[in-house]
Amino acid sequence: DADAFESAVSLTAGLVARLSREDALVDLLILGHDAHDLTHLGSSLDATLDLLACVEPGTGFDVDAVMAPLEPWAPRLSSVLVVALAWDESREALVHRASGLGVGCRAFVVTPADPRETVAVPPSVTEVAHATIQRGERLVL
């Protein structure tokens, strides 16, 4: 659903903005299966937001396609943030594999507007309600 996708993009933008205010660097941004090296841009918030403004919904999720660009970066990363629209075994595998590389990993899932579509997520995953994001409510994550 397009609204949920926009909420996930908004959540990602908010997380990146927060990191930028805390002087953290966003060196690598993986959107779908596309990896973007931000180091040559000084890990800038503007560059990240520009990329997020252009992202399109993808089809399917392939943990190997996400891990391929992530693995070479692992020694330089302190953490990985995962923002997803759904939670399943492949996303769980992404978190497990990233953590196995010695990188701290935090996952967020945007929950759908219809509670009947909600899937149980592990306690380590932060659920963020789609409606909360759309209303622009302040989040404490």
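The values are calculated or read from the model by the stated rules, or taken from the named source; none is laboratory data. Everything numeric in this text was worked out from a predicted model, so none of it was measured. For neighbour counting, all protein chains shown are included, and Cβ atoms are generated from backbone atoms with ideal geometry for every residue, glycine included. Protein only, heavy atoms only, side chains kept; ligands, DNA and RNA dropped before computing areas. Shrake-Rupley method; radii C 1.70, N 1.55, O 1.52, S 1.80 Å.
Rounded to the nearest 5, what is the percent of antiparallel bridges among the DSSP beta bridges in the chain?
Rounded to the nearest five, the antiparallel share is 25 percent.
Please state, as a whole number in µm²/s, the translational diffusion coefficient that the Stokes-Einstein equation yields for segment 1-108 at 20 °C and 1.002 mPa s, with Rh defined as the Kirkwood radius across alpha carbon pairs.
Translational diffusion coefficient: 151 µm²/s.
Compute a Gaussian network model of the chain, connecting alpha carbons closer than 10 Å, and tell me which residue from T126, T39, T111 fluctuates the most.
Sorting by GNM fluctuation, first place goes to T39.
Where does the charge balance sit around A47 when Lys and Arg score +1, Asp and Glu -1, over other residues with C-beta under 12 Å from its C-beta?
Charge balance near A47 sits at -4.
Report the charge-dipole magnitude of the chain in Debye, nearest 20, computed about the Cα centre from +1 at each Lys and Arg Cβ and -1 at each Asp and Glu Cβ.
Computed charge dipole of the chain: roughly 500 debye.
Just name one of V121, S79, A98: the one whose Cα is farthest towards the positive end of the charge dipole of the chain (beta-carbon charges, Lys/Arg +1, Asp/Glu -1).
Checking the options against the dipole of the chain, the answer is S79.
Whole number in Å², please: accessible area per residue of the chain, 1.4 Å probe, ligands, DNA and RNA not counted.
Counting only protein heavy atoms, the per-residue value for the chain is 59 Å².
I need the shape label for segment 1-43. Rule: rounded when a/c is under 1.5, else prolate if a/b > b/c, else oblate, with a, b, c from the alpha carbon gyration tensor.
oblate
Kindly point out which whole DSSP H helices in the chain project their C-alpha atoms 24 angstrom or further along the helix axis while averaging a Kyte-Doolittle hydropathy of 0.5 or above.
Qualifying helices: 2-21.
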